[in-house]
Amino acid sequence: MSDLSDRLHTAPFVRLLVPFIAGIVLGDQFRPEYKWLFLGLSIAFSLLLPYFVSVTFKRESLFGMILIPAFLFLGLFIATDLRYVPQPLHEKGYFAVVDEYPIEKEKSYRAVIRLLDPKIKVLAYFEKTDSFHLVEPGFVVWFRGKPEQLRKTGNPFEFDYQAYAIRNQIGHRIFIKNKDYHFLAGQKRPNLAEESLIVRDRLIKIIEECGLKSEILHLVSSVSLGAREELEPEITQSFSKTGVTHVLAVSGMNVAIIFVVLDFFLRFLNRKKWGVIIQVVLILAGVWGYAFVTGLSASVLRAAAMFTFILIGKSLSRNANIYNSLAASAFVLLCFNPSLVYDVGFQLSYAAVFSIVYFHPFLYGLRYFKYWVPDQIWIMITVSLAAQIGTIPFLLHYFHQFPTWFLLANLMVIPLVTVILYLSCIVFVVAPIVPFLGILMTKILEWAGQGMLFSVRFVEKLPYSVIEGIYPSDFTLFLMVIFAVLLTVFILYKIRMALFGSLISLLIVLLLSNLKTYQKQVQQEIVVFNLPGKLLVAFTDARETIWLTSDKNSTAEKLKSYTRPYEGFRGIHRSKIICLTDSSLFIRGSFAHHQNFINFKGLALFVPAERKVNSSDLKNLPHADLIIMSGKNKAELSLFKERFPDAVLVENRTAGNVFDGNDKPLIDSNEAKYFNATTGGAVRIALEPAANQSSKIQRCGYFSSE
């Protein structure tokens, strides 16, 4: 226990970071008006600290206990103070600055713009013009319109784009027609980040003019400069499946390569007076210069900040604790942007680095190699393995897959990343001065890019290259992390309570797993998804789902963004997509469909969709327990309420309405029921099996993710 305590004492920022992050997470539950209360409490606890500064063990413990609430309330204050809350905007003329290079879509160009008044960011879709491709970051545009607030769709288990955008300070979007916008000639107001994007684009043009084309150009641009915008989705997916997607974003590994090169060439300064300070300044200038030319993306800023703290810590003290330096860099970043705590890249970066620092010395020490080449291979293997240990929970949680051949993929790809990065830097410098030499180096760069693509695709085609369909709940994942941490503490420090806690965590996970398995075997539900203007309904019976859609051209590939998360978390083994407009009779198990009428587990459903229904038609309709109105149906709800007073009415035909994120509570089946999926998100109708093998509605309400 004393060894663990000594380690924590030498890394005070690690102990402070935990309550600070807890405060940031809890801050989402409070209104911004509470921020001054949290600041006052943080100051009050901080003022108590001098009284407990003592060499005695008793007061030292109390000092630590006072620090926890002080930093907890500090995290609460920062989270509530810096939280961006979008406000409604009026329809009028606005001046804005283009914040990034526009991305071409089928009928528009998409770009984030910065309004000059009010000073907020908006996701804009500009109707296409012939000259729009000349627009670059910093261009000033005038437009007329009303930016609308981003809304949640509320569909099951989907990625919450609204929350993601707001954490990146984007709360509105707008589509602007040609006649409603024009760029101000000669007017440019780029900020530092936009200037860096322009510099990055100029560097990409250098290697493009030297002969690099198509997918290799985009791959090299991504690996060396972090420009992933034009990278083909298939390539991104291949890198993800092989466990090397981290090389596509400029991050810790790229900055580490720059750091190692600069440290090697500037090592002679250590022998000079003030040499260490000069060396640190030059290395930091190189690291932050590289961050600038790569677009100042969030990932490279994190990496640069990490190396800055590590380098300064080592220069000030040869016994500097690297854990403390890492925690200090995370603390500073979160002070400026508390939303980073939810950022996937931030979590993966720090998890990987902490894991490498902790596990790599132990793994590397398991084997000794006399010669340089096998030793370097062993270093790459152990670094990859150490990083994977820390990032496994996040990979399972966010990507629902595990690359089994990640060690082989990293062994093949990482040396090529180093070659591509070195050659790219050489081409950027040499090509404008000696074009012929630049073209020659670019040819080698192309071979390296082709070798990387070949390596990734080779590993991807290996048997069992990826284990997919892993969908742990948030709580299960949390328990598994607790189990791993406590077990590691027991192995290293022989603390019996840690072993006891790990076994308890594992036992709870097993119990929850068995409970979830049973629930999936007996689940019966109908879920109406929120797709304004379209119909998508899931009919689930145990581990089988029938998907009902109004689009004849719907395929599993087109609907995968909705169907895969739902089927994954619901444990579905079989599924089928059918179209509502198909007039043929379809029967499968407990599901029967003919025209606009459906029978599911004895429950009668009527789906008018595009069908026109009037009062005379309603008199001839059979009994319905559930009515789903979608698409362009013009029927009046009052007619259905009058004809079917006990039926559940679900509407999904009004586009542009608001979903405020507050799920309505589940209601009893004998009460009046009406739900609008467009305003409230997806609607879930849970069924209760009856003794006669038919089902009845148990409860219904807006879907809430598990």
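The values are calculated or read from the model by the stated rules, or taken from the named source; none is laboratory data. Here the structure is a predicted model, which is why all the values come from computation and not from measurement. Cβ coordinates were reconstructed from backbone atoms using ideal geometry, including for glycine residues, and neighbour counts include every protein chain displayed.
Odds and ends about this structure:
- The single condition among (1) in a strand (DSSP E or B); (2) at pLDDT 90 or above that Ile206 does not meet is (1).
- When restricted to residues that are surrounded by fewer than 21 Cβ atoms within 10 Å (Cβ to Cβ) and in a helix (DSSP H, G or I), segment 219-240 contains 7.
- Residue within segment 367-382 that is in contact with a helix residue (DSSP H, G or I) (Cβ under 7 Å, 6 or more places away or on another chain), surrounded by 20 or more Cβ atoms within 10 Å (Cβ to Cβ) and modelled with pLDDT of 85 or more present: yes
- Meets criteria (under 26 Å from the mean Cα position of the chain (by Cα), in the same structural domain as Trp405 (by TED's automatic domain parsing) and of a type in the set (A, V, I, L, M, F, W, C)) for Leu248: yes
- Single condition Thr517 does not satisfy, out of (1) surrounded by fewer than 20 Cβ atoms within 10 Å (Cβ to Cβ); (2) polar (S, T, N, Q); (3) in contact with a strand residue (DSSP E or B) (Cβ under 7 Å, 6 or more places away or on another chain); (4) outside any loop (DSSP other than H, G, I, E, B): (3)
- Of the numbered criteria (1) surrounded by 18 or more Cβ atoms within 10 Å (Cβ to Cβ); (2) over 28 Å from Lys560 (Cβ atoms); (3) touching a Lys or Arg at 6+ places or on another chain (Cβ under 6 Å), the one Glu127 fails is (1).
- Scope segment 169-184; condition in contact with a Gly (Cβ under 7 Å, 6 or more places away or on another chain) and part of a helix (DSSP H, G or I); matching residues: Asp180
- Matching residues, segment 99-112, being within 17 Å of Lys128 (Cα to Cα) and touching a residue at least 60 places away in the same chain (Cβ under 8 Å): Glu100, Tyr101, Ile103, Ser108
- Out of Ile258, Ile235, Ile216, Ile277, sole residue that is farther than 30 Å from Phe399 by Cα, modelled with pLDDT of 80 or more and among the β-branched types (Val, Ile, Thr): Ile277
- Residue match in segment 161-174 (condition: over 30 Å from Ala79 (Cα atoms) and of a type outside the set (Asp, Glu)): no
- Pick from segment 539-557, criterion in a strand (DSSP E or B) and in contact (Cβ under 8 Å) with a residue 40 or more places away in the chain, ranking: surrounded by the fewest Cβ atoms within 10 Å (Cβ to Cβ): Glu544
- Only one of Tyr518, Tyr566 that is within 27 Å of the chain's Cα centre (by Cα) and either under 27 Å from Phe399 (Cβ atoms) or at pLDDT below 90 (or both): Tyr566
- Among the residues making up segment 609-643, those that are modelled with pLDDT under 80, closer than 16 Å to Val683 by Cβ and touching a helix residue (DSSP H, G or I) at 6+ places or on another chain (Cβ under 9 Å) are Ser630, Phe640.
- Residue match in segment 441-463 (condition: of a type in the set (D, E, K, R), in the same structural domain as Tyr398 (by TED's automatic domain parsing) and more than 25 Å from Phe402 (Cα to Cα)): yes
- Residue match in segment 398-405 (condition: assigned to a helix (DSSP H, G or I) and either within 30 Å of Leu511 (Cα to Cα) or touching a strand residue (DSSP E or B) at 6+ places or on another chain (Cβ under 8 Å) (or both)): yes
- Long-range neighbours under 9 Å by Cβ, at least six apart or interchain, first residue in the same structural domain as Val481 (by TED's automatic domain parsing) within segment 379-402, second β-branched (Val, Ile, Thr) and surrounded by fewer than 20 Cβ atoms within 10 Å (Cβ to Cβ): none
- Here Arg267 fits the description: loosely packed, with under 15 Cβ neighbours inside 10 Å and either within 28 Å of Trp405 (Cβ to Cβ) or out of contact with any strand residue (DSSP E or B) (no Cβ under 9 Å at 6 or more places or on another chain) (or both).
- Candidate set: segment 677-698, residues that are modelled with pLDDT of 85 or more and part of a strand (DSSP E or B); chosen: the one nearest to Ala647 (Cα to Cα): Ile685
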